[in-house]
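The values are calculated or read from the model by the stated rules, or taken from the named source; none is laboratory data. Since the model is a prediction, treat every value here as computed from it, not as a measurement. We place every Cβ from the backbone using ideal geometry, glycine too, and count neighbours over all the protein chains shown. Only protein heavy atoms, including side chains, enter the accessible area calculation; ligands, DNA and RNA are left aside. Shrake-Rupley method; radii C 1.70, N 1.55, O 1.52, S 1.80 Å.
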Number of protein chains: 4
Amino acid sequence: MALWYEELERAQERIRRARQQVAVGKLSGAVGTYSNVPPEVEDHVCARMGLTPVRVASQVIQRDRHAEYMVSLALAASSIEKFAVEIRHLQRTEVGEVSEPFSRGQKGSSAMPHKKNPILSENLTGLARLIRGYCLSALENIPLWHERDISHSSVERVIFPDATIALDFMLHRFTGLMEGLVVNAGRMRTNMDLSGGTTFSQTLLLALVDAGLTREEAYTIVQRNALGAQDSGRAFCDLVREDPEVTARLDERAIDSVFDPAGLLGRVGPVIDRALGGGE
Amino acid sequence: MALWYEELERAQERIRRARQQVAVGKLSGAVGTYSNVPPEVEDHVCARMGLTPVRVASQVIQRDRHAEYMVSLALAASSIEKFAVEIRHLQRTEVGEVSEPFSRGQKGSSAMPHKKNPILSENLTGLARLIRGYCLSALENIPLWHERDISHSSVERVIFPDATIALDFMLHRFTGLMEGLVVNAGRMRTNMDLSGGTTFSQTLLLALVDAGLTREEAYTIVQRNALGAQDSGRAFCDLVREDPEVTARLDERAIDSVFDPAGLLGRVGPVIDRALGGGE
Amino acid sequence: MALWYEELERAQERIRRARQQVAVGKLSGAVGTYSNVPPEVEDHVCARMGLTPVRVASQVIQRDRHAEYMVSLALAASSIEKFAVEIRHLQRTEVGEVSEPFSRGQKGSSAMPHKKNPILSENLTGLARLIRGYCLSALENIPLWHERDISHSSVERVIFPDATIALDFMLHRFTGLMEGLVVNAGRMRTNMDLSGGTTFSQTLLLALVDAGLTREEAYTIVQRNALGAQDSGRAFCDLVREDPEVTARLDERAIDSVFDPAGLLGRVGPVIDRALGGGE
Amino acid sequence: MALWYEELERAQERIRRARQQVAVGKLSGAVGTYSNVPPEVEDHVCARMGLTPVRVASQVIQRDRHAEYMVSLALAASSIEKFAVEIRHLQRTEVGEVSEPFSRGQKGSSAMPHKKNPILSENLTGLARLIRGYCLSALENIPLWHERDISHSSVERVIFPDATIALDFMLHRFTGLMEGLVVNAGRMRTNMDLSGGTTFSQTLLLALVDAGLTREEAYTIVQRNALGAQDSGRAFCDLVREDPEVTARLDERAIDSVFDPAGLLGRVGPVIDRALGGGE
């Protein structure tokens, strides 16, 4: 979650910056030389509309600004898609660690009543594809003829409302999804246990290295036990405790410590503080 | 025009083919095995709806079919954009060989009353960008999870109506534009004459080669006169007639023949017949 | 697999067709009128090169043909991505139904020796993104100026070799992956059993409807037991056998039949025959 | 030129910012908790490599950063394309106001020796399409599975070198093109004169409004003369001087002033100073 928080901060900052790039105006005439209207009029009108006058213009505002804006939306949408993909993974029957909000009265899949499909997340995934498409049209709008044809007009009338509405909808839907997200902590622990301890293979690897083995030697031992566990159906941690090459170097207490989930948390507290603290 | 006609035939053929690809149906259950409903029901329903049953399905129809359809629209739109680009070029003040329909009562550019902007063609140019964007979203829809998630649904609800309506509008607008296109044949001839005959530089090149020069020798003579014309402001054809290296090889009648526009037409008649004849 | 087979047939057919569209030639001069070279030369040269002369040309072959070719590659790559996504899902630790070929000597993840990452499938996923990008550049190549500028040249020098090589690599990699795919049938059965029979919820639903309930009544019964199973951790099939609303309508034998996996196979044999038979 | 200068400043600023976004590192372990390596190691290594440690990470750096970088290249390339499009327009035979550097010994078009094609600008146009394609692939890289699959790897190995090299090449080519650009000031004046004064139609419009007409009345007078000039082939300025509705309101001196090109320059000096001054 800390990582998502920080990623959305970047998305927000990009949109804020891009918004400034398009919150500009011009009233400097057909070739931008104020030949008929003095700059004071432009200043006055822009100030009234909350816009900054551009420093130089042709008949129109240059479209790299608007493309940057659309791109900032596509980047935000793609990050939300990533979060949605994560939820879709965690909700699948075989994983079951989270699920989208689902009220008892709500129907599930029409064909399969037992299924709770991650419909909100799948919807978010699709909408991101849509906004990436709009962003492409905006990039193609940049090379106007004589920096002022009006071919961008038909494009922008569609993509500006459609992309901003779609992203707004995505943000609301994602917020609601997160607020109602059902987290199944028990299943998380069960899934970890199902791995028979292979989750800790790297910790074991490093403990063996600390105990004097080369990385290659340690890797061979760990991988042999990991694959052995998969082939035999026995737990990795059990095989490790029986492996003389391991027990020659790590005593029981050291092995217990390897398989202690608390170790994986590392310095997670400070990391979260840093992520939520903002700034870079 | 013959080239456009033939290019649109290709576009039409692609759309027709892609339409067949999506005019399909399935009623074979959640994993496509007809476990609850026999194929006869599928046959019956599809026949009533004018659809062909797919040979094999998961819970959904595979999305490569729908992407092919969207791509066929994007290819058609891009060809129309090419035609629009041509009209925009030919309508510019310095060329002036064609112009879009423009009724006397119609206003021109708001700032510049004398200008007849190619607004229809610029509009068509922009709409093609839009449809290319939609086509991209459709391509991203193909890799569904387990070949049946519903992430494509939100995308298709937008891009199918928006892209088909946009292309339909483009086709109507383009048809109207072509029906009312103003062709200025006099200006075409004037523009050719303004070139002082450089349009015929290749014909001269080949005539000199026929007269015994190597291609390199002929190229040097032609380019020298062409650049000389540009530098001096004199007509290329006049310089050529005065060039002793030319007149040593081509008599006056031969030079007249070089600068005769009719020669450029070549076998244009049979080409047009072939283009309009269809088939390949 | 039958579905993949049939989808690749479509991809192959599209590429074959698009290949014909670009296997064309022209030698009709700068404006396509054969003003200097008769059509017989074009016929002769094209025949020698295995090309078909186009019916009409400007100075160049029109680029909608080349875009169609690139699009056919992008469609094929996107289908392969779909297959790769399926393998990535089935290989994840919690599912474990298939895994990519992995020789005992091969190293796994550098940090986590026990992990067999689906690196081939992830690689295929990325390459499809690449080819979709190339296809976009090809679409933008269509609206050449005066149907003959050379802006497409720099693009095609890159995208044609890069996209064809990438797709060729994908096809080889995917073929090798499928040839060596490790299928864990036992795990498939285990995963089905883990569902406690919810896989058969639709079959139960239909059996209850056949026994006289409305679809809504049946749906309510099935969903209640499905959610009850998820909440209680007990097997869906056990709850169903204890539910008086079910047992009032279905005897033990009928319930056994509902939970028989063979029923799901339906008419899978004929479907596969039809899919592999080709034609549509 | 001032407008291009300022637009490239924006492009440069975006690339600079995006470069910071990707000049980051992480050494915080497979789930970013520093469970095996303390943050000091990350600090030390990143400092040595000129990188900033990210505030929070999964196994990898999040790909929205890299997509932002690719997008910044695509925005820059699209602006260069716009400049190239302008040069292509100004170089066409009928306009002839600028031309690309062309040494006397250099060959022109192979078929048409007199033609100086804008080959550098057409090349730049194509390369921008290429980079927009790469940018799309980068956007699709964002939604990694569990925020750390490696599907982005195959993509980035291609698009990072290819896009950065292509943009570097574009910048060098564009710089050389601008340094050697041939400007034909005489032709610019000739083209303006060819318009017969319609370039000043807006100035006339405003002068008539200042003289007491409504905008609609003035517009009608100006458009009538503008279209009359196009139909008759006579100069707009001559028709205007003969129009009693004009002469009733503007004396000869006022009309001279309307058709004085110096008026169009307006406040161009301060605008250029402002554009080159930087900052916003």
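Quick notes on this one:
- Options D:R173, D:R274; residue that is outside the structural domain of D:E6 (by TED's automatic domain parsing), surrounded by 16 or more Cβ atoms within 10 Å (Cβ to Cβ), of a type outside the set (G, A, S) and under 30 Å from D:L73 (Cα atoms): D:R274
- Qualifying residue in the stretch A:78-89 (condition: open to solvent by 10 Å² or more (accessible area, probe 1.4 Å) and closer than 17 Å to A:P161 by Cα): no
- For the stretch D:59-74, the criterion of being part of a loop (DSSP other than H, G, I, E, B), buried (at least 18 other Cβ atoms within 10 Å of the Cβ) and in contact with a His (Cβ under 8 Å, 6 or more places away or on another chain) is met by at least one residue.
- Members of the stretch B:212-239 found to be open to solvent by 50 Å² or more (accessible area, probe 1.4 Å) and under 20 Å from C:Q59 (Cβ atoms), listed by number: B:R215
- Residue match in the stretch A:215-238 (condition: within 13 Å of chain C (Cβ to nearest Cβ), free of Cβ contacts under 8 Å to residues at least 24 places away in the same chain and not in a helix (DSSP H, G or I)): yes
- The number of residues in the stretch C:36-53 that are closer than 21 Å to B:L206 by Cβ, assigned to a loop (DSSP other than H, G, I, E, B) and either of a type in the set (A, V, I, L, M) or open to solvent by 50 Å² or more (accessible area, probe 1.4 Å) (or both) comes to 2.
- Residues located in the stretch D:190-211, provided they are open to solvent by less than 10 Å² (accessible area, probe 1.4 Å) and of a type in the set (V, I, T): none
- Cross-chain or 6+ apart pairs with Cβ under 7 Å, the stretch D:8-24 first and more than 9 Å from chain A (Cβ to nearest Cβ) and closer than 12 Å to D:S72 by Cα, then open to solvent by 30 Å² or more (accessible area, probe 1.4 Å) and of a type in the set (A, V, I, L, M, F, W, C): none
- Residues (open to solvent by less than 70 Å² (accessible area, probe 1.4 Å), farther than 26 Å from A:V24 by Cα and touching a Leu at 6+ places or on another chain (Cβ under 8 Å)) located in the stretch D:1-33: D:A23, D:V24, D:G25, D:G32, D:T33
- Considering (1) modelled with pLDDT of 95 or more; (2) among the small types (G, A, S); (3) assigned to a loop (DSSP other than H, G, I, E, B), the lone condition that B:S109 does not fulfil carries the number (1).
- Among the residues making up the stretch A:258-280, those that are in contact (Cβ under 8 Å) with a residue 24 or more places away in the chain and assigned to a helix (DSSP H, G or I) are A:V258, A:G263, A:L264, A:V271, A:I272, A:A275, A:L276.
- Answer residue from the stretch B:240-271, given it is within 9 Å of another protein chain (Cβ to nearest Cβ) and of a type in the set (V, I, T) and is most open to solvent (accessible area, probe 1.4 Å) among those: B:V268
Per-residue answers, yes or no, for (1) within 13 Å of chain D (Cβ to nearest Cβ); (2) among the basic types (K, R); (3) more than 20 Å from the chain's Cα centre (by Cα):
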site	(1), (2), (3)
A:T52	yes, no, yes
A:I61	yes, no, yes
A:D64	yes, no, yes
A:A74	yes, no, no
A:F83	yes, no, no
A:G96	no, no, yes
A:E100	no, no, no
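- B:V209 being in contact with an Asp or Glu (Cβ under 9 Å, 6 or more places away or on another chain) and in the same structural domain as B:S99 (by TED's automatic domain parsing): no
- Test: residue in the stretch C:142-159 that is out of contact with any strand residue (DSSP E or B) (no Cβ under 8 Å at 6 or more places or on another chain), open to solvent by 10 Å² or more (accessible area, probe 1.4 Å), within 13 Å of chain A (Cβ to nearest Cβ) and β-branched (V, I, T): no
- Residues of the stretch B:243-257 satisfying the condition of being assigned to a loop (DSSP other than H, G, I, E, B) and in contact (Cβ under 8 Å) with a residue 24 or more places away in the chain: B:R249, B:L250
- Yes/no for B:H89 being facing chain C (nearest Cβ under 7 Å), more than 17 Å from C:L136 (Cα to Cα) and assigned to a helix (DSSP H, G or I): yes
- Within the stretch D:25-52, the set of residues being touching a residue at least 24 places away in the same chain (Cβ under 8 Å) and either within 28 Å of D:A76 (Cβ to Cβ) or in contact with a Phe, Trp or Tyr (Cβ under 7 Å, 6 or more places away or on another chain) (or both) comprises D:G25, D:K26, D:S28, D:M49, D:G50, D:L51, D:T52.
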